[in-house]
1. Can you work out the FRET efficiency for the pair Asn267 and Glu10, with r the C-beta to C-beta distance and R0 = 41 Å, to the nearest 0.05?
2. Per DSSP H run of at least 4 residues, take -39500 (n - 2.57); add these up for the chain, divide by its residues and hand me the 222 nm value, nearest 500 deg cm²/dmol.
3. Which FRET efficiency value, to the nearest 0.05, do you get for Gln277 and Glu225 by plugging their Cβ-Cβ distance into 1/(1 + (r/R0)^6) with R0 = 25 Å?
4. On full extension of the chain, what length is gained from Asp214 through Asp99, given 0.36 nm per residue of separation minus the C-alpha to C-alpha distance?
5. At each listed q (0.10, 0.13, 0.14, 0.16 Å⁻¹), what is the log10 of I(q)/I(0) that the Debye formula gives for the chain modelled as equal alpha-carbon point scatterers?
6. Just to confirm the number: angle between the C-alpha axis of helix 217-242 and the first principal axis of the chain, 0 to 90 degrees, nearest 10?
7. Pull out the extension gain between Tyr115 and His51, defined as 0.36 nm times the separation in residues minus the alpha carbon to alpha carbon distance; nm, one decimal.
8. If I model a spin label as a point 7 Å beyond the Cα along the Cα-Cβ vector, how far apart are those points for Asn192 and Gln288 in nm?
Amino acid sequence: MGSSFDGHDEVDRKSRAAYNLTLLNFMDPQKMPYLKEEPYFGMGKMAVSWHHDENLVDRSAVAVYNYSCEGPEEESEDDPQLEGRDPDVWHVGFKISWDIETPGLAIPLHQGDCYFMLDDLNATHQHCVLAGLPPRFSSTHRVAECSTGTLDYILQRCQLALQNVRDEADSGEVSLKSLEPAVLKQGEEIHNEVEFEWLRQFWFQGNRYKKCTDWWCQPMTQLEELWKKMEGATHAVLREVRREGAPVEQSSDILTAILAVLTTRQNLRREWHARCQSRIARTLPVDQKPECRPYWEKDDPSMPLPFDLTDTVAELRGLLLEAKP
């Protein structure tokens with residue numbers, strides 16, 4: 001590093017490889033007949049599509065250990081030289097981010113190989129995993145950014161949203177401590193975060209995770225219970241803007257704050273429901289079929305609001321137009 005090297009650089013360099021997260025993967029391509037073709041460079045079947053690794057400490061290193069279940073390799077001088085990549089061998093592919101004009105690179109991965117993505121490579125380039133013939137294990141080591149995306153983080157977010165909810169009355173009706181638009185908007189945004197970044201992401205995987213562990217069942221049950229309280233909070237907000245005699249300016253401010261968030265909720269629910277009912281989803285084995293959860297029918301007495309918010313969003317838009325001078 002020349003004369004520019006100092007102790008701070010050493011500490012920074014070490015922190016970029018202070019791995020705190022390991023992701024273990026296994027795939028047997030022979031049991032995955034529906035793998036997609038790499039779409040830009042003709043690289044063959046993809047086990048993992050083009051992507052960046054996310055939620056990482058800036059410029060931190062990513063290390064990947066590869067173990068493909070190969071037999072002993074016997075190379076001969078008489079073997080023909082293949083053009084392009086050998087489809088029997090696993091590869092990692094790299095390309096410049098969002099660039100399909102510059103040719104991509106496919107690097108072969110043999111049993112016991114390890115590769116590293118250093119410095120800003122993960123930020124400036126996308127990578128994919130190209131399937132070979134034999135089964136493969138991989139161990140990916142990352143320096144995760146833990147201020148978000150953890151169970152503790154989302155539970156704290158739930159507590160923040162539910163701070164605005166009073167204890168339920170004997171009737172089971174939820175009431176709110178504050179009707180400040182900013183407070184209500186924050187609560188609805190957290191509501192969306194729990195539903196779409198946690199609950200639906202989890203249940204979209206079906207029940208195959210139970211083959212490995214049931215550890216996540218209890219936390220996801222807890223999150224679903226907190227999410228249901230947020231449904232009650234949303235119902236309380238709507239009850240307030242619908243209330244006869246409610247101050248027009250206050251209702252207008254509340255509607256302006258929450259309408260976009262509820263519209264997003266409706267759009268995302270429609271997308272997730274369609275994804276779970278897609279043709280590909282229907283062809284998966286029973287334990288891998290996506291589950292559209294949370295989901296409930298319109299007349300479900302346990303839920304304060306309908307699953308489909310189309311009519312609700314249209315009503316709120318009408319109320320907002322009426323409230324504007």
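1. E between Asn267 and Glu10, to the nearest 0.05, is 0.25.
2. On the way: 9 runs with 117 residues, N = 325.
After summing the helix terms and dividing by residue count, I get -11500 deg cm²/dmol.
3. Efficiency computed from Cβ-Cβ geometry: 0.45.
4. That pair, Asp214 and Asp99, stretches by 37.3 nm at full extension.
5. At q = 0.10, 0.13, 0.14, 0.16 Å⁻¹ the computed log10 ratios are -0.80, -1.11, -1.20, -1.36.
6. Its long axis makes an angle of about 40 degrees.
7. Working: separation 64, 0.36 × 64 = 23.04 nm, distance 1.65 nm.
Taking Tyr115 through His51 to full extension adds about 21.4 nm, to one decimal.
8. About 3.2 nm separates the two model spin labels.
The values are calculated or read from the model by the stated rules, or taken from the named source; none is laboratory data. Bear in mind the structure is a predicted one, so any value in this text is a computation, not a measurement. FYI the Cβ positions are ideal-geometry reconstructions off the backbone, even for glycines, and counts take in every protein chain you see. Calculation scope for accessible area: heavy atoms of the full protein, side chains included, ligands and nucleic acids excluded. Shrake-Rupley method; radii C 1.70, N 1.55, O 1.52, S 1.80 Å.
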